[in-house]
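Notes follow once the structure below has been shown.
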Amino acid sequence: MATLSDIGVAAAINILSAFAFFLAFAILRIQPVNDRVYFPKWYLKGLRCSPLANGAFVSKFVNLDFRSYARFLNWMPAALQMPEPELIDHAGLDSAVYLRIYLLGLKIFVPIAFLAFTIMVPVNWTNNTLEHSGLTFSDIDKLSISNIPNGSLRWKFIALSFLRKPRSGKQLGFFPTPRFWTHLVMAYAFTFWTCYVLKREYEIVASMRLHFLASEQRHPDQFTVLVKNVPPDPDESVSELVEHFFLVNHPEHYLSHQVVYNANKLSELVNEKKKIQNWLDYYQNKYERNPSKRPLLKTGFLGLWGESVDAVDFYTAKNERLSRDISLEREKITSNPKSIMAAAFVSFKTRWGAAVCAQTQQCRNPTIWLTEWAPEPRDVYWENLSIPFVFLTIRRLIVAVAFFFLTFFFVIPIAIVQSLANIESIEKALPFLKPIIEVKVIKSFIQGFLPGIALKIFLLFLPTILMIMSKFEGFISLSALERRSASRYYFFQFINVFLGSIITGTAFQQLNSFIHQSTNEIPKTIGASIPMKATFFITYIMVDGWAGVAAEILRLKPLIIYHLKNFFLVKTEKDQEEAMDPGTIGFNTGEPQIQLYFLLGLVYAIVTPILLPFVIVFFALAYVVFRHQIINVYNQEYESAAAYWPDVHLRIIVALIVSQLLLMGLLSTKEAASSTPLLITLPILTIWFHRFCKGRYEPAFVRNPLQEAMMKDTLERAREPNLNLKGFLQNAYIHPVFKSADGDKIDVAMEEWEVEPSLIATKRTSKRSTPLSSKHSVSSFSSPEDNKERSKP
């Protein structure tokens, strides 16, 4: 078990690591050659140019202005200066609200830590229960609830007066002894404070979202609905069927539509061509540097063996072949009706019309003509649009089973990590290992630092695996993929990192007690040992939350990749922009990690308050670092207007309920089961509070008020009466592989509008026999002007 000295060693290592990362970042960020690595967002916005232009730097690669080195920490106050409204305009509401999660952690835990250290820590310290328990413990554990003697909340009953008159003459009733009263009162205080802060934050974020949507500029997703599971019709193509259905059922608001193509193979070819083009650029640059020697390439596996050929000619031929394949595949997609999926993006003349369609059932059969708000064009995950609707349920069942086994088998590495955190207990059970690991410095390093870094390594590839699972499930937007991956990541960490560490850690930590005690005593041993696992989580917080956050700002991997690309591939200014990798916040990994700290803080606030300062340092440090990254680095792929906040709120509520249930279980093992009636009301009140917030604030995140939509439509008609909305929406939801570099539809993609009418005309003359009104609705067609507009090529 990690002692106070072990924690000190771990703290020193992580503080020095964090300071080294900050110092390296402060030096690297002011070098001209790294400017695009540490300020890519400003370059993408066109608001920053090379630092060489202002003449402040004498060298192209090194900053020779020595005064700037003296101000190496000025990025911290600079990151805090931008006000929140300006931050929303600069980075979007998603990024601004994401930062509020860190502020929420500070608002919750700073007052809780103050109360815990002024009230509960003295109560825990002034006991000597652990010294007489026979359990393995450290000085830190004396500050936990484990040091409170059993039965300190025993209700004593005084006989009724008609049976036995009290000698003191006092009224009859119950009264407890005082020790656990402190923890019970603090549990109520912490719960009420957390709920109050959550309600205020939910109210603020909901208001921010509504204001953002009301003041947002015109975007295609405000007018567009995604229609899925379009029923097949032998007389009509998907495009014709969609057009007729919405002309009949939304005659006054329907504007246009874009069918969804299965262009996955074409997308693969385009991506492969980009890779080949990069290799061609690399060898061309290499040849230009040394024209006397043509670069050679072996055609075998990984270029290790095989026939040697001219590299430039090889990749030029391969690039031309891929160009021909891409052209043929485009023609095949646009001319083959089987390439059209049973889905379409349908655009409306008004936001009000789109809101009505997206939030209502379109057909008597609830399984067809399914409508939902279309993601914004940047948010669409095009590969999954080609998955037939009927396969989605099967895919999600497969992923659920796979995730269950992934979660279950990950207990093995968690047990290995916990074995590293409890060397002393293993020495007691397995004495022959003692000479190997008894060296004091090595043991302090292993117990204070290695468990946290080992767990971090084990979790390194987990987000990628979970994202692959989410993609396989078939979600059609990047935001939905990230939210589903985040939910699974949080559940995985709750089961394995939190519960798994506690259970396996307790087994290793008290292994000697388990072997030599009766079965009835094991629950009491577990109850006393759960607070002691705070030492392991403290080491993990320092590794992941201190050094890990500091390493994030250094951006070592993007720095190396940028310079490699800049040296081998970059020719033009456009190539230099493509070499930049600004990255994103990474909601699928960042938010679940934050939630783990909420869980640890709320659970251990009562039982081991010494953990709280480490959590507070994480929230404060991460807020500054990620605010800087959001302002200068990250380029968010999409904007969901903080649609993820209900998930954030729910997970904090879950953490709060878990902390209450664990406290109830812990007190029951300490012969204080009579406290259960007092504690059982806490989870009940918390669940009621969540239901209140869900009904009061969540609708703002899942539905678009018709009143707001009508208001924006009215203002827009007054300000822009001649707006060509159809031209604005025409190319918004075209698959990216059908677009040229400047974002317009290329000539091959235009064949969609040339081929499709001919297919419709053929089917109309040969197969159509059923009246349109009987197939779709009793409503009539739109006006002749609409039909005339619709017939235009």
- Message: Can you tell me, using C-alpha contacts under 8 Å and at least 6 residues apart, the relative contact order of segment 220-375 as a whole percent?
- Response: 47
- Note on the structure: Per the 1/(1 + (r/R0)^6) rule, R0 = 41 Å and r from the Cβ atoms of ASN249 and LYS332, FRET efficiency to 0.05 is 0.80
- Task: Tell me the label-point distance for the pair PHE72, HIS90, using the 7 Å Cα-to-Cβ offset, in nm and rounded to one decimal.
- Result: 2.4
- Packing-based ranking, highest mean first, of 622-633, 72-83 given that Cβ atoms within 10 Å are counted: 622-633, 72-83
- Note on the structure: Distance in Å, no decimals, from the C-alpha centre of segment 337-351 to the one of segment 256-318 is 35
- Gain upon complete extension [VAL270, PHE192; 0.36 nm per residue less C-alpha separation]: 22.5 nm
- Query: Working out 0.36 nm times the residue gap between VAL121 and ILE684, then minus their Cα-Cα distance, what length gain in nm do you get to one decimal?
  - Reply: 199.9 nm
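On the accessible surface of segment 220-375, probed at 1.4 Å, how many percent belong to carbon and sulfur atoms?
Working: 4000 of 7570 Å².
Accessible surface attributable to carbon and sulfur in segment 220-375 totals 53 percent.
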- Query: Once both labels are modelled 7 Å past Cα along the beta-carbon direction, what's the MET82-GLU577 spacing in nm?
  - Reply: 1.9
- Query: Could you give the nm distance between label points at ALA402 and SER50, where each point is 7 Å from its Cα heading toward the beta carbon?
  - Reply: 4.6
- Message: Before I look further, what does segment 630-718 give for accessible area per residue, probe 1.4 Å, in whole square angstrom?
- Response: 43
- Task: Mind ranking 705-717, 106-118 by how tightly packed they are, going by the mean number of other C-beta atoms within 10 angstrom, highest first?
- Result: 106-118, 705-717
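The values are calculated or read from the model by the stated rules, or taken from the named source; none is laboratory data. Please read these numbers as outputs of a predicted model, since none were measured by experiment. Note that we place each Cβ from the backbone using ideal geometry, even for glycine, and neighbour counts take in every protein chain shown. The protein model used for the area step is the full one, side chains on, heavy atoms only, and it has no ligands, DNA or RNA in it. Shrake-Rupley method; radii C 1.70, N 1.55, O 1.52, S 1.80 Å.
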